[in-house]
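Every read-out reported here was derived from the displayed coordinates using simple, explicitly stated rules and does not represent laboratory data. Small disclaimer: the values here were computed from a predicted structure and weren't measured. All Cβ positions, even for glycine, are placed from backbone atoms using ideal geometry, and neighbour counts span all protein chains on display.
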Amino acid sequence: MFSGKKILVGVCGGIAVYKICELVRELQRKNAIVRTMLTPDATRFVSPLTFESLTGAPAPVDLFQSYKNEIEHIELATWPDIVVVAPATATTIAKFAHGIADNLLTATFLATRKNVLIIPAMNTGMWENPATKDNIALLRSRGYTVVEPAYGRMASQREGVGVGRLPEYAVIVSHIFRNLWENKFLADVSVTITAGCTREKIDPVRFISNYASGKMGFALAEAAAAMGADVTLVHGPTHIDPPSGIKSLQVESAEAMFAATKANYPLNGVLIGAAAVSDFRPAKFSNRKLKKDEAEFSIPLVKNPDILFELKALKKKSVHVGFALETNDEIAYAKNKLKNKDLDLIVVNNPQDAGAGFSVDTNKVKILFANGEIIDVPLMNKLLLSVEILKNASTILKNQNAADGR
């Protein structure tokens, strides 16, 4: 998803500097081309040689240093696709806000016309100081993206926990992806996505569920947000964090997922049912733990609501996308679901295929359309697959709106 993208990381002097080494490696693992530049204070924590070794490129510090006979801050300002400042200290944020260009990083910031992503990390008191808040607000008013720092244990033992930690790598990478994505196919379109599994309680300690991790639905939410959509993600219990910066609703049961999805139905948008919703639930919930040494018992089951089938009654100007996971006769079963649920397209995969199914980062699918067309999509990263799915959904929605004269 970052293949060939040029990312310039500006490193400021804070305790979180050591984390930026791993951030650089993470971006490289995603095939980005990464260069770095440091403030003088950053070198007190990590040597420029460290970043030079990681990137294979100079990690300049001096504003008046020249590289390949270029004016350094001008060359750096024009080279990247995006500038990421991390960790962004209170001092550097203040200089950005007030146009002070007294080092290589601040001069490059003023000179660049590229997107700049600012990732603050600092002491809680510094983050909450009104001066910092005013500077952040000023930068945001000028169109810069400033990511909220994370809550957790601070470097200072005296302070304990608070807001000011560098966000997790996944959060930073997510924001870089959204800032790099240029084609806003879904600008201002409402997109509601279901993801993950549901749990149907048997007693206080047991439940019926499945192996769905939520990775496919979360990737769809990430891609939709990058495309400019107003995303609502309704997901079941999962061990992974949902994408940051979008509306995320966690539910447990199929009935709760149905209620939340219906309440957030996109009237002229896209509905995507990527969740692996439990087909059945226990007819009765036991308030006490059922004992294994009790007399032999069975658990009567009742059907759960089929979310996409139920919501087709609301469908007027929206596009509905379904998913089907089948171990045999995939096309036949998918065509049946496509028709019965009044879907515009359905994505079908077989978990027995290598690299497809639950808890992996890739998928291999076929996309079936209401007009009978079938696209065979080879094994690919779920985020890239999400882009393909959303492009097709966007085209259908656009054609529908054009036909309606909207």
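Put simply, the C-alpha atoms of the chain give a gyration tensor, and the ellipsoid matching it has half-axes of 45, 26, 19 Å, longest first.
Restricting to region 1-117, what percent of DSSP beta bridges are antiparallel, rounded to 5? Working shown, then result.
Values: 2 of 15 bridges.
Antiparallel: roughly 15 percent of the beta bridges in region 1-117.
For the chain, the longest principal axis of the C-alpha atoms and the axis of helix 215-226 are separated by about 50°.
Volume per residue, Å³, of the convex hull around the alpha-carbon atoms of region 6-180?
105 Å³
Taking the longest Cα principal axis of the chain as reference, the axis of helix 382-403 is set at about 70 degrees.
Couplings for region 252-264, taken from phi via the Karplus curve 6.51 cos²θ - 1.76 cosθ + 1.60 with θ = phi - 60°, read 10, 9, 5, 5, 5, 5, 4, 4, 5, 5, 4, 5, 10 Hz in order; Gly and Pro are left as x.
For region 11-99, a/c is less than 1.5, where a ≥ b ≥ c are the root eigenvalues of the C-alpha gyration tensor. That puts it in the rounded class.
What fraction of the DSSP beta bridges in region 156-292 is antiparallel, stated in percent and rounded to the nearest 5? List each step's numbers first, then the result.
On the way: 3 of 18 bridges.
Expressed as a percentage, antiparallel bridges in region 156-292 total about 15.
Highest mobility in the GNM of the chain, judged by mean-square fluctuation with C-alpha springs under 10 Å and restricted to 85, 377, 171, is found for 377.
A convex hull fitted to the Cα coordinates of region 216-305 yields 126 cubic angstrom per residue. Starting from 0 in steps of 10 Å, tell me what percent of the Cα-Cα pairs of region 131-189 lands in each bin. Histogram of Cα-Cα distances, whole percents per bin: 18, 35, 34, 11, 3. From the Kirkwood radius over Cα pairs of region 190-403, Stokes-Einstein at 37 °C and 0.692 mPa s returns a whole-number translational diffusion coefficient of 185 µm²/s. Spacing of the modelled spin labels on residue 184 and residue 26, each 7 Å from Cα toward Cβ, amounts to 2.6 nm.
In nm, what is the difference between 0.36 nm times the number of residues separating residue 267 and residue 360 and their Cα-Cα distance? Don't skip to the answer; put the middle values down first.
Details: separation 93, 0.36 × 93 = 33.48 nm, distance 3.22 nm.
Length gained, residue 267 through residue 360: 30.3 nm.
Our analysis of region 59-148 gives Rg over Rh at 0.98, with the two radii drawn from alpha carbon positions and Rh computed by the Kirkwood formula.
Secondary structure note: in the chain, about 35% of the DSSP beta bridges are antiparallel. Working from label points 7 Å from Cα in the Cα-to-Cβ sense, the residue 279 to residue 49 distance is 6.4 nm.
Evaluate E = 1/(1 + (r/R0)^6) for residue 155 and residue 370, where r is the Cβ-Cβ distance and R0 equals 60 Å; express this FRET efficiency to the nearest 0.05. Once the sixth-power term is evaluated, E becomes 0.60.
Lys/Arg Cβ at +1, Asp/Glu Cβ at -1, dipole of the chain taken about the Cα centre: which of 76, 282, 143 is farthest positive-ward? So the residue we want is 282. For the chain, the longest principal axis of the Cα atoms and the long axis of helix 130-141 meet at an angle of about 70 degrees. The residues packed around residue 32, meaning those with a beta-carbon under 12 Å from its beta-carbon, carry a net charge of +4 if Lys and Arg are +1 and Asp and Glu are -1.
In the structure displayed, which of 5/133; 262/289; 315/391; 247/312; 133/215 lie more than 29 Å apart, Cα to Cα?
Details: 5/133 31 Å; 262/289 33 Å; 315/391 20 Å; 247/312 23 Å; 133/215 35 Å.
Checking Cα-Cα distances, 5/133; 262/289; 133/215 exceed 29 Å.
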